[in-house]
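Colleague: Input: one structure, supplied below.
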Amino acid sequence: MLKETGIRYLDEFIVVAETGNYFTASDRLYLSQVTLTKHIKDLERSVGHPLLAKKGHKLELTDFGRFFLPYARRFVSLNEEYHEARASFESAAALQVHIAVPTEMNCDHMVNMLWDHFSRRYPQYSLSTGEFHTTLPLEDLFGMGFELVFALSETPDSDTYGCYQWATDQLVALLPVNHPLAGRDSLCLSELAKEPFILFPKDNFLHQAAVRRCEAAGFIPQVDFTIHGSANLTELVASNVGVSVVLKRDVYSTWDYEMVTVPLEEESTIYLNLYYQKNMLSQAARTFLEYAIQIHETHEKDIPYYGPEVSEIEDIFFE
């Protein structure tokens, strides 16, 4: 688009062309004749041709002026159309809540349930969600335009961003049912130091968290396989291909496989936090954040951690 000054000069040129003199045009445009004359001269320099010529007491269009006039009108009309469309777009965008969710914890179901509550109370707003499959810095997610981010973390707070601790889960050892340690009430990760591991892909938060826990226990895990999907990972463990470290709730829907989970004696808490940039929320995002926290604090046990495909509903509510 042309700069606004250029569009204004085009509009002034159209008025001068229609009135045929600077006096009437300047009166209609609420400009002095000196200013209006200067603007037309600037426009003529910009297009490289004279647009108006004085014929007695009247201004007439030059040949190029007659050629240029319909284009000037189209430019001005298109500019008006653009600003109307932009205002409509920005108005609609201002009513959208932009939320990012991690795929590791099926948060889309949780967000949809929250949105069902919210939209009934605030029908003027709409939801725009984005899933991220890899571990992305919060700075990058906010830079993508998301205002609210559900993300996994090994800490319950943030020094940089606003942070609401939404839920917790525990990392556990996932073992074949016939593994020598399968009957234990708990185990130290160091007891699995010589085992082959099956983990999620390297760019996944849960892969990185598991490796950090193993390193803290004094060993680097031998990762024989990385694989997408809890069901695929669980099937490999049940087939005695290796062991894993997973979130306890992440395997609720895979109990058909012959495997067991054993609690870790090390600190194993993983947090699902809701992050936001302080003092930078739109009205829509701020309203959603406040209402989501209100729902969480008053109906905490009504918000399932995972989707409806999980059978053991009594065990999957947020803590």
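The values are calculated or read from the model by the stated rules, or taken from the named source; none is laboratory data. The model shown is predicted, which means the values in this text are computed figures rather than measured ones. Every residue, glycine among them, receives a Cβ derived from its backbone with ideal geometry; neighbour counts consider all protein chains shown. These area figures cover heavy atoms from the full protein model, side chains too; ligands, DNA and RNA do not enter into them. Shrake-Rupley method; radii C 1.70, N 1.55, O 1.52, S 1.80 Å.
Colleague: Just the residues that are farther than 17 Å from Y22 by Cβ and acidic (D, E), please, taken from the stretch 45-72.
Modeller: D63, the sole residue that qualifies.
Colleague: Looking at the stretch 264-287, which of the residues that are within 14 Å of the chain's Cα centre (by Cα) and of a type in the set (F, W, Y) is farthest from V101 (Cα to Cα)?
Modeller: Residue satisfying both the conditions and the ranking: Y276.
Colleague: While we're on this one: Which ones in the stretch 226-241 are open to solvent by 80 Å² or more (accessible area, probe 1.4 Å) and within 10 Å of F200 (Cβ to Cβ)?
Modeller: Within the stretch 226-241, H228 is the sole residue that qualifies.
Colleague: Based on what the data block shows, is A210 open to solvent by less than 60 Å² (accessible area, probe 1.4 Å) and in contact (Cβ under 8 Å) with a residue 60 or more places away in the chain?
Modeller: The answer is no for A210.
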